[in-house]
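For reference, the structure is listed below as structure tokens.
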Amino acid sequence: MAIILCLTTQAFSQGNKDLLVQEVKNAYTQLRYTEAEIKARTVLAAYQNFSPDQLSETHKILGLIYYSQNKISESGEQFVSALSIDPLLKLDPVLVSPKILKFFEKVKTDFESKRQEKILNQPKVRYIRLTDPRPDAIVRSMIIPGWGQVYKGEKTKGRFLMAAWGVTFVGAVGSHLARKSAEDKYISETNPDLVKSKFDDFNKWHVARNNFAIAATGIWLYSYFDAIFRKNSHHQPVMGESKQSFNISPIFSADRTFVQLNVHF
């Protein structure tokens, strides 16, 4: 599910979105109404990828196209959709004919009157903007384990992961340096009576480095996948919504270190 989300958010880059909206405007100004309508419908079909200003502009252009084609009812609906996003929307009197401008002002007046009276009927197109923190949390958890959880509001959990990863990461680096020093001493030792103790010292730091590295990696993996699959801690599932869990937990014991994976559907 997270992979689908990432692909969806990347389907339109900022440059492509701006270009598509600009192509709608260009096609309209060049009187290529069919092309403009098709491209405008493309924008509206993927409305979640576009900003409110871009959606309002697209509805406005569709309203102008339909009015020019004498589709007065459809034109009014598009103007209402545009106004539902931006109630302060205005038409440029330099670029729009007085006849269309008069029609738009009438639609706007009626819309404002109904909005103030709180009896405005629901528009045919409803915009619900939802923000999923997981994509941004994934990036943060890739950089510093626990940062993504803090970003999603799971501050206690996130701070614990950051601290645990920091300790294990520093431990891995420190143990590696100590191992290197012990290895040099072991290799350079010529006294047979001291060789074993030098090797034991080297092996101790070797095991410690590996354990710290495995623990740091396990914490990083847990933080990363938790940021992908776990929703915001404040999210309340609605009736009928499936509960899914995906947990990776580092397990430490006296003789081994491993990662435990739990998946529940």
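Of all the residues in region 144-180, those that are exposed (fewer than 14 other Cβ atoms within 10 Å of the Cβ) and touching a residue at least 12 places away in the same chain (Cβ under 8 Å) number 1.
When region 78-103 is filtered for residues that are basic (Lys, Arg) and outside any helix (DSSP H, G or I), only 90 remains.
Each row is one residue, and each column tells you yes or no for (1) β-branched (Val, Ile, Thr); (2) within 30 Å of residue 224 (Cα to Cα); (3) in a helix (DSSP H, G or I).
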{"site": "165", "(1), (2), (3)": "no, yes, yes"}
{"site": "170", "(1), (2), (3)": "yes, yes, yes"}
{"site": "186", "(1), (2), (3)": "no, no, yes"}
{"site": "193", "(1), (2), (3)": "no, no, yes"}
{"site": "197", "(1), (2), (3)": "no, no, yes"}
{"site": "208", "(1), (2), (3)": "no, yes, yes"}
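In region 102-124, the residues that are modelled with pLDDT of 90 or more and among the small types (Gly, Ala, Ser) form no Cβ pair under 8 Å with any partner that is in a helix (DSSP H, G or I) and surrounded by 13 or more Cβ atoms within 10 Å (Cβ to Cβ), whether six or more places apart or across chains.
The values are calculated or read from the model by the stated rules, or taken from the named source; none is laboratory data. Note that the structure is a prediction, hence the values are computed from the model and not measured. Neighbour counts are summed over all protein chains in view; Cβ atoms, including those assigned to glycine, are modelled from backbone coordinates with ideal geometry.
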